[in-house]
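J.: Below are the structure tokens for one structure; questions will follow.
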Amino acid sequence: MKHLWSFAACVLACTAASAQQVEKHDIELVGFHDLQGRSAYQPVIHKQGDRWIAYVGHHGGRALNALTAKEEQNGTSILDVTDPKQPRYLAHIPGEPGKDEAGGAQMARVCDGAELPKGDKGKVYLLRNYGDTAHEIWDVTDPAKPARLSTVVDKLKGTHKSWWECDTGIAFLVSGVDGWRARRHPQVYDLSDPAKPVFIRNFGLPGHEPGASGPTQSTLHGPISTGAKGNRVYFAYGANSKGVLQIVDREKLLKGPKEPTPANLVYPQVARLDFPPQFGAHTAFPMLGMDIAEFTKDKEARKRDFVVVTGETFRNECQEARQMAIFVDVTDETRPVGVSSWSVPEKRGGFCSRGGRFGTHSSSESFAPVYYKRILFFAYFNAGVRAVDVSDPFHPKEIAYYIPVVTARTEKRCVGKGAEERCKVAIQTNNVEVDERGYIYAVDRANTGLHILRLTGAAKEAMK
């Protein structure tokens with residue numbers, strides 16, 4: 001049955017593709033899987049022994065799991081992508097009932113027990129959120145037979161895009177704790193022993209804490225940590241508007257006073273950059289220690305640090321301010337400054353009239369040397385995947401793109417209400433990630449599936 005289902009999925013994709021024109025430049029499709037028609041969020045690619053395993057988080061909803069012949073709540077898809085031309089669906093872990101971000105299990109992070117300080121050396125662990133209410137750890141040593149190991153925290157009012165340091169076990173979770181004013185704010189846990197989570201502290205912007213007054217600050221979307229060695233955590237608040245980049249001293253965050261007073265919340269902060277209201281901060285990706293060719297003959301400041309802040313587009317057909325990527329120079333951390341921006345010109349493809357969202361959503365988050373500080377990939381909704389040369393952050397330059405074709409599973413997107421409502425079917429590339437082999441993994445919010453890509457032509461040369 002499994003093989004018949006995979007064949008049918010391939011036929012479905014190929015039939016749809018043959019009826020449409022693929023839009024691409026210096027990127028080609030390697031493999032495809034429809035992910036059982038589930039709306040997809042975060043893909044994480046993890047090397048397990050001699051295999052490469054993809055863990056894909058999903059938004060809320062329901063779909064048939066052909067492996068069990070049962071309809072299941074969207075949760076986490078697990079695929080073997082060792083051969084990227086023929087991804088194999090191994091397992092689906094159901095998530096929380098509910099729609100969109102209120103259900104499913106959007107986020108996935110994976111660590112080997114051999115790397116975690118107190119993990120079982122022979123095991124592999126998955127950290128995921130359970131809808132909007134909990135964070136869980138699963139044993140995925142056999143990715144085809146996942147088993148829930150522990151609940152890190154539950155009874156939450158919001159979750160999202162967390163970060164897990166595999167070498168230390170410290171996890172920066174996106175949570176909403178009862179009593180806190182923000183629907184999502186940081187929680188810090190020690191998950192060095194995944195079977196025995198240890199709470200460290202709650203955190204957030206001043207105004208998030210219990211008992212505060214006045215306007216509520218923008219809520220957390222996601223953190224990225226550089227670990228004990230880099231000693232920085234980059235928090236992105238306000239995904240779609242009123243974006244905030246907060247740079248935090250990791251050691252002070254872990255060891256400083258933990259009572260959530262305004263002073264204690266500011267104590268570990270190195271800098272805070274508030275963007276104009278129309279700019280969001282979905283992803284804050286650090287690119288540190290960059291040698292920029294233009295400055296090689298300069299006496300000073302030849303090496304620079306940057307954070308790429310990407311905003312998330314919310315509304316269909318350009319019914320809001322355009323979101324984009326902002327490149328922030330943080331060489332002097334206490335005085336971050338925006339030095340450039342990047343976006344796809346709308347007129348290049350008439351994207352505002354194609355249907356669905358047009359604008360940035362997120363960037364890839366891999367520190368793998370194959371691309372780090374050279375090429376960054378952006379998920380751009382109906383403009384697909386965009387590859388950007390970031391070797392000179394003052395002048396980011398697009399070098400490749402791939403816009404997948406829709407399939408029979410692709411869900412329509414609408415604007416307006418009642419008699420004025422209009423709906424269109426459009427690709428909604430939602431997240432993108434890469435592996436250390438150089439393959440690119442793009443997943444779709446409108447149920448289209450997973451596209452595995454690779455660079456070609458001049459863009460491939462930029463990898464060298």
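The values are calculated or read from the model by the stated rules, or taken from the named source; none is laboratory data. Please read these numbers as outputs of a predicted model, since none were measured by experiment. Note that we place each Cβ from the backbone using ideal geometry, even for glycine, and neighbour counts take in every protein chain shown. What goes into the accessible areas is simple: the full protein's heavy atoms, side chains included, and nothing from ligands, DNA or RNA. Shrake-Rupley method; radii C 1.70, N 1.55, O 1.52, S 1.80 Å.
J.: I need the calculated FRET efficiency for the pair GLU259 and ARG315, taking r as the beta carbon distance and R₀ as 30 Å, to the nearest 0.05.
T.: 0.15
J.: Counting helices only, and only those DSSP H runs with n ≥ 4, report the 222 nm mean residue ellipticity of the chain as the sum of -39,500 (n - 2.57) divided by its residues, in deg cm²/dmol to the nearest 500.
T.: For the chain, the value works out to -2000 deg cm²/dmol.
J.: Okay, next question. What distance in nm separates the simple spin-label points at ARG437 and VAL266, each placed 7 Å from Cα in the Cβ direction?
T.: Taking the simple label geometry, ARG437 and VAL266 are separated by 5.1 nm.
J.: Could you order ASP100, ASP332, ASP139 by accessible surface area, starting with the largest, using a probe radius of 1.4 Å?
T.: ASP100, ASP332, ASP139
J.: From a point 7 Å beyond the Cα of GLN278 in the direction of its Cβ, which residues of the stretch 291-328 have a backbone N at a distance under 14 Å?
T.: 318-325
J.: Note down the nm distance, to one decimal, between modelled labels 7 Å out along Cα→Cβ at LYS99 and at LYS155.
T.: It works out to 2.9 nm between the two label points.
J.: Which FRET efficiency value, to the nearest 0.05, do you get for ARG335 and THR216 by plugging their Cβ-Cβ distance into 1/(1 + (r/R0)^6) with R0 = 30 Å?
T.: E(calc), rounded to 0.05, equals 0.65.
J.: Can you give me the orientation-averaged projected area of the convex hull built on the Cα atoms of the stretch 147-218, in nm²?
T.: 5.2 nm²
J.: Ordered by residue, what ³J(HN,Hα) values in Hz, to whole numbers, does the stretch 383-400 give under the Karplus form 6.51 cos²θ - 1.76 cosθ + 1.60, where θ = phi - 60° and Gly and Pro are x?
T.: 9, x, 9, 10, 9, 10, 6, 10, 5, 10, x, 6, 9, x, 9, 5, 10, 6
J.: Mind grabbing the accessible area of ILE247 for me, 1.4 Å probe, Å², rounded to tens?
T.: Taking all protein chains as shown, ILE247 has close to 0 Å².
J.: Ok, one more. Enumerate the calculated ³J(HN,Hα) couplings along the stretch 304-321 in order (Karplus 6.51 cos²θ - 1.76 cosθ + 1.60, θ = phi - 60°), each rounded to whole Hz, writing x wherever the residue is Gly or Pro.
T.: 10, 10, 9, 10, 9, 9, 10, x, 9, 6, 9, 9, 6, 6, 6, 8, 5, 5
J.: Can you list residues from other chains, or at least 5 along the same chain, whose modelled amide H is less than 5 Å from the amide H of GLY98?
T.: Long-range HN contacts for GLY98: GLY61, GLY104.
J.: Enumerate the calculated ³J(HN,Hα) couplings along the stretch 79-88 in order (Karplus 6.51 cos²θ - 1.76 cosθ + 1.60, θ = phi - 60°), each rounded to whole Hz, writing x wherever the residue is Gly or Pro.
T.: 10, 8, 10, 3, 9, x, 6, 9, x, 10
J.: If you don't mind, another one. Tell me, what is the Rg over Rh of the chain, with Rh the Kirkwood radius over Cα pairs?
T.: Rg/Rh for the chain comes to 0.95.
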